[in-house]
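Below: the structure, in structure tokens.
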Amino acid sequence: MASSGAAANLWVLLGLGIAGVLLAARKLKRPARPDHGAFIARLELLPPPQPPPPQAPHPLTGLCFAIADALHVSGYITSFGSLEWAKTHDAETQTSPVVSALVDGGAVCVGKTVIDEMAYSIHGENKHFDTPTNPAAPDRVPGGCSSGSAVAVAGGMVDFALGIDSIGGVRIPGAYCGVLAFRPSHAVVSSGGIIPVAPSLDTIGWFARDPSVLRRVGHLLLRLNYADIRPPRHFYIADDCFELSKIPARRLTQVVSKSVEKLFGRQVTRMNLENYLSSKISSLRNYSNGHKNGDSRFPSLLALCNAMRSLHKHEFKDQHMEWINSVKPAVDARTVSNLSEDGDSDIDGYQDVRNKARLALGALLKDDGILVIPIALGCPPKLNAKELSSESYNCQTLCLSSLASMSGCCQVSIPLGTHDKCPVSVSFIARHGCDRFLLDTIQTMYATIQEQVDILAKSNVSSKQAMNEEAAETAKEKGNVAFKEKQWQMAVNFYTEAIKLNGKVATYYSNRAAAFLELTRHAPPPQSNFFVQYGVYLIVSVFLTLIC
């Protein structure tokens, strides 16, 4: 028995020493990539001197920004997310008009950011430049295609950043990284000076942490003059779209409905978007594709998604297939598979769907309405997760982004805190051309939305904590009964359950140690591991009794 006790002491001391070393190492550990891998190139484009008084200073004075590596800067090669593209193209001779406008407006451009290879994916992965680390969830993808720009903003490295959005390339990474992300109405912001992906869908969007910065950038790029803020009169929550989300719908919609009620004294309108689309766009049935790879409850949304993906692929191939066939780059296998699939080339039909989708949303929202839908299915997928290669998962995600992409409407992704330690978001859509209205609405509502997020989070935490505390006390009482009946092992199990439910009560640890002591007295096993476990129980119990 003495030798067993000595062995137990040795193992306990060794374990505690190793734990201390691991904790110290964790504290000393520094991030391998201080910029989270967001940038592929650092640069400095400085604004012109400030105008003399009494003229106002430049509107973006004091702000710095980054741009996705699909926008041109004179003297730099635009690598389009691909080292092989960079090797076969020369440095640009002109800077994108959008970038120039922002610099002339007083902002400093500090770098170019990572995008998905050829801006074709929505996950944010890149084998050429590495996948940027999502600051809000480091073990999960940042979303794409404009992953680096979202990461640069989420990581606090810039005040705002530009990205390219065809099928969700700004909105999805904004949602995954927990920042504001704005896709403007199609063709209202100049698309000159970028490498096109799918011109019928392409927009230059932007990210920001602060709604006032999002709005200031928008006012400059949209060339908006000063006007009074016009409050929204109608909010439509598409309940059926929230059924696609893996986050409880109440967690997302309650924040919006409470904010609308508090700010505007109005009730939200609940609607079925699927039924509305099917009644307004009869041609969608031509693109149902037998509901393959999607949820058959939403045939119209799936058809809209199918039409978008087919149009996206067709126009991408028009733009870049000649280069791919000539250079034969080692393009990502998922991209190759998608491009090689046979698909419809009903361009007139796709454009007809686009036009009717714009008319349908215009008729619903008019000039003072907001449509509320999710922009992501739930938490960002984990790095290298099977979901990333799942056609069903990608299709359902793109169903949510297809509405704005195909209608050309403006859309903004709004962070709503976290769920399971991951960012979650909701999105607002306004009719095509109502970009100022949408930006003003976010400016007006953002603080109240975040306030409601905090209220809901505290309510959920306190409710769950109370339930856990009650369940822990019940487990402790069961342990006490088992202890009195000399059922030592059962008592240990009940006290362990109580600790799992509420680990801040020292009594649970002391009771478990006492039960374990009785267990060793009455049935001491020969294995030394038993004594090791007992020793650890006693040490932890004494320690927690002292600190609790």
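Values as computed for the structure displayed
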| item | result |
| --- | --- |
| Of all residues making up segment 474-489, the number that are within 11 Å of Ala515 (Cα to Cα) and either free of Cβ contacts under 8 Å to residues at least 12 places away in the same chain or crowded, with 19+ Cβ neighbours inside 10 Å (or both) | 6 |
| Test: residue in segment 219-227 that is basic (Lys, Arg) and over 20 Å from the mean Cα position of the chain (by Cα) | yes |
| Matching residues, segment 403-438, being over 16 Å from Asp165 (Cβ atoms) and touching a Pro at 6+ places or on another chain (Cβ under 9 Å) | Pro415, Leu416, Gly417, His419, Cys422, Pro423, Val424, Val426, Phe437 |
| For Met271: the one exception among (1) within 23 Å of Asn394 (Cα to Cα); (2) buried (at least 16 other Cβ atoms within 10 Å of the Cβ) | (1) |
| Any pair with Cβ under 7 angstrom, 6 or more apart, that starts in segment 90-107 at a residue that is over 9 Å from His72 (Cβ atoms) and ends at one that is part of a helix (DSSP H, G or I) and of a type outside the set (Val, Ile, Thr) | Val98/Leu221; Ala101/Leu220; Ala101/Leu221; Leu102/Leu220; Gly105/Leu220 |
| Set Ser337, Ser392, Ser413: member being under 28 Å from the mean Cα position of the chain (by Cα), of a type outside the set (A, V, I, L, M) and either farther than 29 Å from Arg285 by Cβ or not assigned by TED's automatic domain parsing to the domain that holds Tyr236 (or both) | Ser413 |
| Test: residue in segment 494-501 that is part of a helix (DSSP H, G or I), among the aromatic types (Phe, Trp, Tyr), within 20 Å of Ile375 (Cα to Cα) and outside the structural domain of Pro415 (by TED's automatic domain parsing) | no |
| Answer from Ser191, Ser166, Ser149, Ser100 - the residue that is more than 27 Å from Thr335 (Cα to Cα) and hydroxyl-bearing (Ser, Thr, Tyr) | Ser100 |
| Given (1) over 30 Å from Lys87 (Cα atoms); (2) buried (at least 16 other Cβ atoms within 10 Å of the Cβ), index of the condition Val331 fails | (1) |
| Matching residues in segment 378-389 - criterion: being modelled with pLDDT of 95 or more and in contact with a helix residue (DSSP H, G or I) (Cβ under 6 Å, 6 or more places away or on another chain) | Pro380, Pro381 |
| Unique residue being aromatic (Phe, Trp, Tyr), modelled with pLDDT of 95 or more and out of contact with any strand residue (DSSP E or B) (no Cβ under 8 Å at 6 or more places or on another chain) when the list is Phe264, Phe298 | Phe264 |
| Residues (aromatic (Phe, Trp, Tyr) and part of a strand (DSSP E or B)) located in segment 230-273 | Phe235, Tyr236 |
| Matching residues, segment 40-64, being within 26 Å of the chain's Cα centre (by Cα), more than 21 Å from Ser166 (Cβ to Cβ) and in a strand (DSSP E or B) | Ala41, Arg42, Cys64 |
| Condition met for Tyr287 (aromatic (Phe, Trp, Tyr) and either farther than 20 Å from Phe437 by Cβ or modelled with pLDDT under 95 (or both)) | yes |
| Flag for Arg251 being surrounded by fewer than 16 Cβ atoms within 10 Å (Cβ to Cβ) and in contact with a strand residue (DSSP E or B) (Cβ under 8 Å, 6 or more places away or on another chain) | no |
| Number of positions in segment 194-226 that are aliphatic (A, V, I, L, M) and not in a helix (DSSP H, G or I) | 9 |
| Residue within segment 201-211 that is in contact (Cβ under 8 Å) with a residue 60 or more places away in the chain, touching an Asp or Glu at 6+ places or on another chain (Cβ under 7 Å) and either of a type in the set (D, E, K, R) or in the same structural domain as Leu359 (by TED's automatic domain parsing) (or both) present | no |
| Segment 139-184, subset in contact with a strand residue (DSSP E or B) (Cβ under 7 Å, 6 or more places away or on another chain), of a type in the set (Ser, Thr, Tyr) and closer than 18 Å to Leu400 by Cβ, residue surrounded by the most Cβ atoms within 10 Å (Cβ to Cβ) | Ser146 |
| Tally of residues being at pLDDT 95 or above, outside the structural domain of Arg266 (by TED's automatic domain parsing), among the aliphatic types (A, V, I, L, M) and closer than 13 Å to Val255 by Cβ across segment 418-464 | 4 |
| Among the candidates Ser407, Ser401, Ser425, Ser413, residue that is crowded, with 23+ Cβ neighbours inside 10 Å, more than 30 Å from Thr131 (Cβ to Cβ) and of a type in the set (Gly, Ala, Ser) | Ser407 |
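Per-residue answers, yes or no, for (1) under 15 Å from Arg171 (Cα atoms); (2) surrounded by fewer than 23 Cβ atoms within 10 Å (Cβ to Cβ):
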residue: Ala357; (1), (2): no, no
residue: Leu364; (1), (2): no, yes
residue: Asp368; (1), (2): no, yes
residue: Pro374; (1), (2): yes, no
residue: Asp420; (1), (2): no, yes
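The values are calculated or read from the model by the stated rules, or taken from the named source; none is laboratory data. Bear in mind that the values here come from a model prediction, so they are computed numbers and not experimental data. Here the Cβ is made from the backbone with ideal geometry for all residues, glycine too, and neighbour counts use every protein chain on show.
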